[in-house]
Amino acid sequence: MPCVHDMGEGEWEHLIHQLRTGDCTPFLGSGACAGTLPTGRSLSRQMAVRWGYPYKDDHDLPRVAQFATMKYGEAVYVKKQVCAELGVGGPPDFLDPLEPHGLLARFPVPVYLTTNYDDFIFKSLKAVGKQPNTALCPWNEGMEYDEELFGSEAGWNPHRDAPLVYHLHGSLQDPKSMVLAEDDYLEFLTSLAAEGGRTAPRMLPPAILAALTQRPLLFIGYSLQDWTFRVMFGALLRAVPGINRRRNVSVQLVPTPDITRAEMQEMQRQIARYYEQWRISIFWGTAAEFCAELRRRMGTVP
């Protein structure tokens with residue numbers, strides 16, 4: 001069934017040119033791992049059962065994790081349990097033509113941003129012969145950060161053969177770094193709000209500021225309906241106003257499949273109209289469907 005407000009021919013042509021030339025910053029969320037890792041909602045419900053979460057909103061992972069943190073009295077213990085749950089399986093098949101990490105790794109992109117805890121994009125870049133570096137966003141005062149990366153002079157200089165993978169919300173390799181519970185999100189957003197007033201950056205080093213302001217963003221794996229995305233991107237816009245100077249693209253699941261076609265189209269119109277203020281064009285579909293359409297239109301991938 002065709003979707004309203006889908007990307008037009010000009011938008012596709014523009015995006016393909018950006019990917020081929022590396023003039024793009026992929027921004028990966030949990031939906032990019034569909035089929036390999038549980039979605040945020042699925043993981044939340046699994047952990048809610050394990051932790052005895054008694055309320056109906058068991059799909060809300062930050063709230064469920066906040067409950068567990070209060071129950072056990074230690075955030076790191078809760079985060080380690082989530083790490084164990086997510087670390088059970090191996091990485092996806094990067095040779096699969098519909099796998100987003102493997103596809104994105106082939107383009108000459110210098111910086112990849114992610115709010116995922118996994119290392120799939122790092123491994124996919126290694127798989128195609130690149131030498132990626134990875135760094136964690138120091139969103140709380142207890143986290144160390146690489147002084148070279150955050151240097152006020154040059155900092156790191158990521159490029160197509162040695163790209164930088166920047167984890168905004170932490171990594172499975174360091175449970176303390178994970179933005180998981182409501183308290184974590186509040187601290188992350190508070191720190192991000194203060195970033196704009198700092199003379200020396202702490203959360204957004206020069207290479208990341210350049211990726212956010214000099215190149216358009218390609219969001220894969222987020223729902224524009226989720227408050228966590230809206231609040232995070234809204235905070236980024238306030239901290240880095242230059243983000244919305246370029247036309248961005250977001251891959252979005254069609255909202256709520258158990259509604260009528262007319263209701264679905266109206267919801268799509270409302271979402272597209274709301275995010276037009278952020279200069280976001282929307283592809284309605286899964287990450288795999290986006291990869292299939294991108295490959296079809298490109299013919300060949302680097």
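So how many residues does the stretch 115-148 have that are small (Gly, Ala, Ser) and under 19 Å from the mean Cα position of the chain (by Cα)? The number of residues fulfilling the criteria is 2.
Rundown of residues vs (1) closer than 20 Å to Cys137 by Cβ; (2) outside the structural domain of Gly22 (by TED's automatic domain parsing); (3) assigned to a loop (DSSP other than H, G, I, E, B), yes/no style:
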site: Ala207; (1), (2), (3): yes, no, no
site: Ala211; (1), (2), (3): yes, no, no
site: Tyr222; (1), (2), (3): yes, no, yes
site: Thr228; (1), (2), (3): yes, no, no
site: Val249; (1), (2), (3): no, no, no
site: Ala272; (1), (2), (3): no, no, no
site: Ser281; (1), (2), (3): no, no, no
site: Cys291; (1), (2), (3): no, no, no
site: Leu294; (1), (2), (3): no, no, no
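Those residues that are aliphatic (A, V, I, L, M) and closer than 17 Å to Phe94 by Cα, I need them from the stretch 287-302; list them, please. Passing the criteria: Ala287, Ala288, Ala292, Leu294, Val301.
Annotation note: of Thr69, Thr115, the sole residue that is assigned by TED's automatic domain parsing to the domain that holds Leu212 and among the polar types (S, T, N, Q) is Thr115. In this structure, Gln46 does satisfy being more than 20 Å from the chain's Cα centre (by Cα), polar (S, T, N, Q) and within 22 Å of Phe120 (Cβ to Cβ). With the structure loaded, tell me whether Glu85 is of a type in the set (Asp, Glu) and in contact with a strand residue (DSSP E or B) (Cβ under 6 Å, 6 or more places away or on another chain) or whether it fails that test. No: the conditions fail for Glu85.
What do you reckon, is Thr21 in contact with a Lys or Arg (Cβ under 6 Å, 6 or more places away or on another chain) and in the same structural domain as Leu209 (by TED's automatic domain parsing)? For Thr21, the condition - in contact with a Lys or Arg (Cβ under 6 Å, 6 or more places away or on another chain) and in the same structural domain as Leu209 (by TED's automatic domain parsing) - is not met. The sole residue among Gly285, Gly242, Gly234 that is under 17 Å from Pro26 (Cβ atoms) and surrounded by fewer than 21 Cβ atoms within 10 Å (Cβ to Cβ) is Gly285. Would you check if Ala65 is modelled with pLDDT of 95 or more, within 24 Å of Met178 (Cα to Cα) and either over 21 Å from the mean Cα position of the chain (by Cα) or among the aromatic types (Phe, Trp, Tyr) (or both)? Criteria not met by Ala65. Among the conditions (1) at pLDDT below 95; (2) part of a helix (DSSP H, G or I); (3) among the charged types (D, E, K, R), the only one that Arg202 does not satisfy is (2).
Scanning the stretch 62-112 for residues that are in contact (Cβ under 8 Å) with a residue 40 or more places away in the chain and basic (Lys, Arg) turns up Arg63, Lys79, Lys80, Arg106. Filtering the stretch 191-250 to residues that are basic (Lys, Arg) and either in contact with a Ser or Thr (Cβ under 7 Å, 6 or more places away or on another chain) or in contact (Cβ under 8 Å) with a residue 12 or more places away in the chain (or both) leaves Arg202, Arg215, Arg238, Arg245, Arg246, Arg247.
This table checks each residue for (1) modelled with pLDDT of 95 or more; (2) under 22 Å from the mean Cα position of the chain (by Cα); (3) surrounded by fewer than 16 Cβ atoms within 10 Å (Cβ to Cβ).
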{"residue": "Arg41", "(1), (2), (3)": "no, yes, yes"}
{"residue": "Gly73", "(1), (2), (3)": "yes, no, yes"}
{"residue": "Phe94", "(1), (2), (3)": "yes, yes, no"}
{"residue": "Pro97", "(1), (2), (3)": "no, yes, yes"}
{"residue": "Pro100", "(1), (2), (3)": "yes, yes, no"}
{"residue": "Phe107", "(1), (2), (3)": "yes, yes, no"}
{"residue": "Leu113", "(1), (2), (3)": "yes, yes, no"}
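The values are calculated or read from the model by the stated rules, or taken from the named source; none is laboratory data. Quick caveat, the model's predicted, so the values are computed rather than measured. When we count neighbours, we look across all protein chains shown, and the Cβ atoms used for this are built from the backbone with ideal geometry, even at glycine.
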